[in-house]
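Values quoted throughout were computed directly from the atomic coordinates according to the rules given, and no laboratory measurement underlies them. Here the structure is a predicted model, which is why all the values come from computation and not from measurement.
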Amino acid sequence: MGASASSSSLASSSSGILTDKEVRKLEKILAREADAEQKLIDAAMKDVKEVEQALSKSTKNTQQAQKLVAKTKEREIAAQKGVAKAQTRLASVQEKGRQAQEAVTAKEQREAGADRAVQQGYADFEDCHRTAEANARDRTMRLSQIRAQHGMDATAPAGSPQP
């Protein structure tokens, strides 16, 4: 704009016709204005290209981020399924463990009952054996007394002939 003010002052010279020197001066001014405008246009184009590149890069980054979000969501869903499956397995294992513990407890109770029965059997056997021994001693003693009363040999076995 400053150049256009100087050109208008040149155009209003006293004779109304421009000299060659004034024309060259105007050409230089106009050429400088054109160069300045071209530099502004080039700078603006460079800025536009940079903005376009930034937009393209931003779009690409956004798309990559969206893909990452989608993959992350898929992994999260898969992990949730895995957790649910593991929880189901855990519950199953815990139930089987509980059932096994119940079976062990029942077997231990049966074993304890059987052990008591065996111990009682031994005790009954020992009682029976002691009773049988006592009865045998009693019979032997009574037999000895009977033989002694009837003048028989007390040491001879029963049913053996008399001397």
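Between the C-alpha center of region 98-155 and that of region 57-97 there is a gap of 71 Å. Note that region 2-149 shows a convex hull volume over its alpha carbon atoms of 145 Å³ per residue.
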